[in-house]
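Below is one structure, written out as structure tokens; the observations come after it.
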């Protein structure tokens with residue numbers, strides 16, 4: 001799939017005159033680590049992953065408030081279903 005997306009981007013951006021002169025912002029999104037949702041032998045059966053790590057990376061409904069005793073700080077863990085890059089500005093000029 002990545003190769004197909006890369007090939008399509010290449011075709012759209014470099015083969016055709018798709019982009020007009022101007023500035024664009026590009027953001028890439030992805031679902032990551034979905035293999036962690038598949039457990040071989042959960043106990044009890046059909047129990048979803050329970051760790052903060054897995055839920056924070058894959059569960060958009062995950063919301064946990066924790067207190068760090070060592071640093072004496074409060075933290076909130078918000079889960080995500082998708083992860084996005086920082087926006088990148090692309091300036092297209094005539095050549």
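The values are calculated or read from the model by the stated rules, or taken from the named source; none is laboratory data. From a predicted model like this one, the values you see are computed outputs, not experimental measurements. We place every Cβ from the backbone using ideal geometry, glycine too, and count neighbours over all the protein chains shown.
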Self-check item: residue 91 being in contact (Cβ under 8 Å) with a residue 60 or more places away in the chain, surrounded by fewer than 11 Cβ atoms within 10 Å (Cβ to Cβ) and either assigned to a strand (DSSP E or B) or under 25 Å from the mean Cα position of the chain (by Cα) (or both)
Solution: yes
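Residues in the stretch 50-64: is at least one in a strand (DSSP E or B), at pLDDT 75 or above and surrounded by 10 or more Cβ atoms within 10 Å (Cβ to Cβ)?
Yes, the conditions are met somewhere in the stretch 50-64.
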Quiz item: Restricting to the stretch 68-88, what's the tally of residues that are part of a strand (DSSP E or B) and surrounded by 10 or more Cβ atoms within 10 Å (Cβ to Cβ)?
Solution: 6
Exercise. List every residue pair whose Cβ atoms lie under 6 Å apart, where the two residues are 6 or more positions apart in sequence or sit on different chains, the first residue falls within the stretch 61-75 and is over 20 Å from residue 49 (Cβ atoms), and the second residue, located anywhere, is outside any loop (DSSP other than H, G, I, E, B) and at pLDDT 90 or above.
Key: 67/74
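Yes or no, residue by residue, for (1) modelled with pLDDT of 80 or more; (2) within 23 Å of residue 79 (Cα to Cα); (3) loosely packed, with under 10 Cβ neighbours inside 10 Å:
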{"site": "6", "(1), (2), (3)": "no, no, no"}
{"site": "11", "(1), (2), (3)": "no, no, no"}
{"site": "17", "(1), (2), (3)": "no, no, yes"}
{"site": "23", "(1), (2), (3)": "yes, no, yes"}
{"site": "32", "(1), (2), (3)": "yes, yes, no"}
{"site": "42", "(1), (2), (3)": "no, yes, no"}
{"site": "46", "(1), (2), (3)": "no, yes, yes"}
